[in-house]
Amino acid sequence: MKQTYAIIGLGRFGGALLQTLVANGQDVMGIDINEENVNDYRDIATQVVVADAQEDDVLRKLDIASFDHVIIAIGHNMQASILATINAKDLGAKNVIAKAENHTHLRVLTKIGADVVVQPEREMGERVARKLLAPNMLNFIELSDDYSMAEIQIVNPAFYGRSIKDLNIRKKFGLNVIAVRHDNEVIVAPEASYTLQEKDIVSVVGPKDMVDDFDQITNQIN
């Protein structure tokens, strides 16, 4: 579904976000105080504007409240990030997603009303570390402080030829199997009778520690 996005701050994070959204057919306005940054995206974004988002009148004139999503992607200038977030919320922006540089910044952004706060560098670092520690965990999404979803490739021969029911994954690990990818086929909500095969990729959701335990067991070779 096509939606509208306003991205405030066109550094590496904001610029990459803008390009990805546009490539997926979304309407995107890019906003930055630096004209050079704005010029980099004139031929890509739906619209780009040189503006200071710390001024509420500026965002009011841009009708920031009309966008489905407003992303505050300002880099190291925490004051500008905080003021832009306050202004966007005060003007009625529906969904404000703000980038935090550190934990203190994250706490401030949360307290002033940002709907979602992300830490891209930290999240990427955690993702890379998890990939190094669990090479067969192909994808990992943190749903909350306690729950996660992961795609785990089965390389433990003890799992081959055994059904989901037989393995009793839900009872033993507290996990729900929501999909299985076998070769190029994706089976959503597989039946309990589905038999796992070598290198099947199982998507599970549940408590983080249980996801980690399941990953370790399914990756054992002997």
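The values are calculated or read from the model by the stated rules, or taken from the named source; none is laboratory data. All values derive from a computational prediction rather than experimental measurement. As a convention, Cβ positions derive from the backbone with ideal geometry for all residues, glycine included, and neighbour counts pool all protein chains shown. Accessible surface areas use protein heavy atoms only, side chains included; no ligands, DNA or RNA. Shrake-Rupley method; radii C 1.70, N 1.55, O 1.52, S 1.80 Å.
Details
- Region 152-222, relative contact order in percent, only Cα pairs under 8 angstrom and at least six apart counted: 46 percent
- Angle in degrees between helix 78-90 and the longest Cα principal axis of the chain, rounded to the nearest 10: 90 degrees
- For the residues Met29, Met78, a 1.4 Å probe over the protein chains yields an accessible-area ranking, largest first, of Met78, Met29.
- Per-pair calculated FRET efficiency, R0 = 30 Å: Ser144 and Gln79 via Cβ, rounded to 0.05: 0.50
- For the chain, carbon and sulfur atoms together expose 50% of the accessible surface, with a 1.4 angstrom probe and every protein chain in place.
- Trypsin sites (Lys or Arg not before Pro) lying in DSSP loop within region 1-101, provided at most 11 other Cβ fall within 10 Å: Lys2, Arg42
- Ranking by accessible area, most exposed first, for Val38, Val58, Val186 with a 1.4 Å probe: Val186, Val58, Val38
- Principal-axis tilt of helix 208-218 within the chain, Cα atoms, nearest 10 degrees: 40 degrees
- Taking amide H as placed 1.01 Å from N in the peptide plane, the amide H of Ile71 sits under 5 Å from that of Ala6, Ile7, Ile8, Ile97, each at least 5 places away or on another chain.
- Rounded to the nearest Hz, the phi-derived 3J(HN,Hα) couplings of region 20-36 under the Karplus curve 6.51 cos²θ - 1.76 cosθ + 1.60 (θ = phi - 60°) are 5, 5, 5, 4, 9, x, 9, 8, 10, 9, x, 10, 7, 6, 9, 4, 5, where x marks glycine and proline.
- Rolling a 1.4 Å probe over the protein chains gives Arg162 an accessible area of about 80 Å².
- Taken one residue at a time, the phi angles of region 52-64 give Karplus couplings (6.51, -1.76, 1.60, θ = phi - 60°) of 9, 6, 6, 9, 5, 4, 5, 5, 5, 5, 7, 6, 4 Hz. Gly and Pro are set to x.
- Ranked order, His105, His69 - accessible area, probe 1.4 Å, largest first: His69, His105
- Helix axis angle, 120-133 relative to the chain longest principal axis, alpha carbon, degrees: 20 degrees
- Label-to-label distance, nm, for residues given as Arg170 and Ala23 (7 Å Cα→Cβ offset): 3.8 nm
- Flagged links, alpha-carbon separation over 22 Å, of Lys111/Lys208; Lys2/Lys94; Lys99/Lys208; Lys2/Lys111: Lys111/Lys208; Lys99/Lys208; Lys2/Lys111
- Shape class of region 150-201 from the Cα gyration tensor (axes a ≥ b ≥ c, square roots of the eigenvalues): rounded, since a/c falls below 1.5.
- Among [x] 1.10; [y] 1.00; [z] 0.95, the entry that matches Rg/Rh (Cα atoms, Kirkwood Rh) as calculated here: [x]
- Per-residue SASA entry for Asp57, accessible area with 1.4 Å probe, Å² rounded to 10: 90 Å²
- For Ile44 and Val186, a Förster radius of 25 Å and the Cβ-Cβ distance give a FRET efficiency of 0.20, rounded to the nearest 0.05.
- Thr110-Asn34 FRET efficiency (beta carbon distance; Förster radius 41 Å; 0.05 resolution): 0.95
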